[in-house]
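The values are calculated or read from the model by the stated rules, or taken from the named source; none is laboratory data. This structure is a prediction, so every number in the text was calculated from the model and none was measured. Every residue, glycine as well, gets a Cβ built from its backbone with ideal geometry; the counts of neighbours run over all protein chains shown. Ligands, DNA and RNA are excluded from the accessible area calculation, which covers all protein heavy atoms including side chains. Shrake-Rupley method; radii C 1.70, N 1.55, O 1.52, S 1.80 Å.
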Amino acid sequence: MKKDTLAKIWDMMRLRHGIGLRCIQALPADQIDSHPIRDMRSPRELAMHMYGFIRVAAESVLTGTLVWDEKAELAKVKTRDELVAYAQSCWQAADAAFAKITDAQLGAMVKAPWGEMPGFAMISAIPDEYLHHRGQLYAYLRQLGVQP
């Protein structure tokens, strides 16, 4: 798969990011560590997972290896404002990484904790991963009394 084909998918992710960011901004500041749905991540954990994956997946295509210490990152973000800043910085880093990706890197294999896949498959996984978690975020907002 060529980058010009994936660029269309990436442009759609840009739109999705804007929607997801508004959802994070709508979270009640005092509820980011709550568990609005039993046995699921907190809103902070979910949003950090969503955005952390966008960043590490895009960057992994450049480096050939996906490395992510999700727990260490989670410890650095305590407030909703920090969570919003985290999401924005992850998007900016992912967007910058995508801009640098070449067709050769899209065809090369990327090592991840769950196995290897071509770079184009890693980029293609981003929308799927993001959207199913954004759906969870919508459910959290509703449970917290916020209309998404």
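For residues that are open to solvent by less than 30 Å² (accessible area, probe 1.4 Å) and in contact with a Leu (Cβ under 8 Å, 6 or more places away or on another chain), scanning just the range 5-27, find the one that is farthest from V77 (Cα to Cα).
L6
If only one of A29, A7 is of a type outside the set (S, T, N, Q) and in contact with a helix residue (DSSP H, G or I) (Cβ under 7 Å, 6 or more places away or on another chain), which one is it?
Unique residue meeting the criteria: A29.
Could you please tell me which pairs satisfy a Cβ distance under 9 Å, a separation of 6+ or placement on different chains, a first residue in the range 73-89 that is hydroxyl-bearing (S, T, Y), and a second residue that is surrounded by fewer than 12 Cβ atoms within 10 Å (Cβ to Cβ)?
What qualifies is T79/A29; Y86/K76.
Somewhere in the range 49-66, is a residue touching a helix residue (DSSP H, G or I) at 6+ places or on another chain (Cβ under 9 Å), assigned to a loop (DSSP other than H, G, I, E, B) and either under 16 Å from L131 (Cα atoms) or not acidic (D, E) (or both)?
Yes, the conditions are met somewhere in the range 49-66.
Could you please find all residues in the range 20-38 being modelled with pLDDT under 95 and either on the phi > 0 side of the Ramachandran plot or in a helix (DSSP H, G or I) (or both)?
None - no residue of the range 20-38 is modelled with pLDDT under 95 and either on the phi > 0 side of the Ramachandran plot or in a helix (DSSP H, G or I) (or both), so the list stays empty.
Based on what the data block shows, is S60 among the hydroxyl-bearing types (S, T, Y) and within 18 Å of G20 (Cα to Cα)?
Here the answer is no, as S60 does not meet what is asked.
Within the range 106-128, is there a residue that is within 26 Å of P28 (Cα to Cα) and of a type in the set (A, V, I, L, M, F, W, C)?
Checking the range 106-128: not a single residue is within 26 Å of P28 (Cα to Cα) and of a type in the set (A, V, I, L, M, F, W, C).
What residue, among those in the range 108-135 that are under 18 Å from L46 (Cα atoms) and of a type in the set (A, V, I, L, M), is surrounded by the most Cβ atoms within 10 Å (Cβ to Cβ)?
My answer is I126.
How about the range 76-107: which of its residues are over 15 Å from L21 (Cα atoms), open to solvent by 60 Å² or more (accessible area, probe 1.4 Å) and in a helix (DSSP H, G or I)?
K76, A99, K100, D103, A104
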